[in-house]
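Remarks on the structure that follows.
The values are calculated or read from the model by the stated rules, or taken from the named source; none is laboratory data. Everything quoted here is computed from the prediction, not taken from an experiment. For neighbour counting, all protein chains shown are included, and Cβ atoms are generated from backbone atoms with ideal geometry for every residue, glycine included.
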Amino acid sequence: MTDFVLVRHGETVWHDGNRYAGRTDVELTAHGLRQAAALGAWAAGERIDAVVSSPLSRARLTAQPAAEALGVTPRVEERLVEVDFGRGEGLTRDEMRARFPEELAAFLRDPVAHHLPGGEDPRAAAERASEALFDLADAYPEGRVLVVAHSTLVRLLLCHQLGIPLADYRRVFPALHNGALTELRLREDRMSLLRLNAPTTTAPTHEGHEGTPS
């Protein structure tokens, strides 16, 4: 049995603009840094065996205070990088509507069958994230692993592991809050959801919006 505490990185400078941040290395805001510090304070009182993050700096910086509090070296896992949003990268929903309205409409109807033009297939993203978690489970059997990643990737991962159609990820999981805790338990190759969007006890989290899916 392995438990995973999944955390969306702290708030970024693209948050207020509701821009799609996939592979762009967007900076954390001052509030995002406070959320990272709050995660570190929470981790200091928990049994965590490893801290793992996406390679993007917004995830690494969110994970760093927790790793320091626990006295562990954070690991970077390339397969936890956010979904590539292709031509939608860095744009707001309105900007996409102006540039490729038909493709955006198809994406909003079914983001799996019609992912954003030039972007990553959500099915491939869910598979790579799942493979990363199963490899971590092999590395930390009976362990508890803190994983800092991204909104769309984690929601796809949750759907994939809980038997929910991937196309429903926005409906079933409308938002992951920056810095909040979502916990999964892997037992005998099956995942269970233990909690979703739970706040750390040291500071409030800031709710994320669908328009900032990273």
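Computed quantities for the displayed model
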item: Count of residues meeting criterion [in contact with a strand residue (DSSP E or B) (Cβ under 7 Å, 6 or more places away or on another chain) and either surrounded by fewer than 17 Cβ atoms within 10 Å (Cβ to Cβ) or polar (S, T, N, Q) (or both)] in segment 143-158; result: 2
item: Members of segment 46-73 that are within 23 Å of GLU127 (Cα to Cα) and either assigned to a loop (DSSP other than H, G, I, E, B) or of a type in the set (Ser, Thr, Tyr) (or both); result: SER53, SER54, PRO55, LEU56, SER57
item: Top-ranked residue of segment 109-121 - restricted to ones that are surrounded by fewer than 20 Cβ atoms within 10 Å (Cβ to Cβ) and touching a Phe, Trp or Tyr at 6+ places or on another chain (Cβ under 7 Å), ranked as nearest to ASP168 (Cα to Cα); result: HIS114
item: Single residue of ALA180, ALA106, ALA137, ALA124 found to be surrounded by fewer than 16 Cβ atoms within 10 Å (Cβ to Cβ), out of contact with any helix residue (DSSP H, G or I) (no Cβ under 7 Å at 6 or more places or on another chain) and modelled with pLDDT of 95 or more; result: ALA124
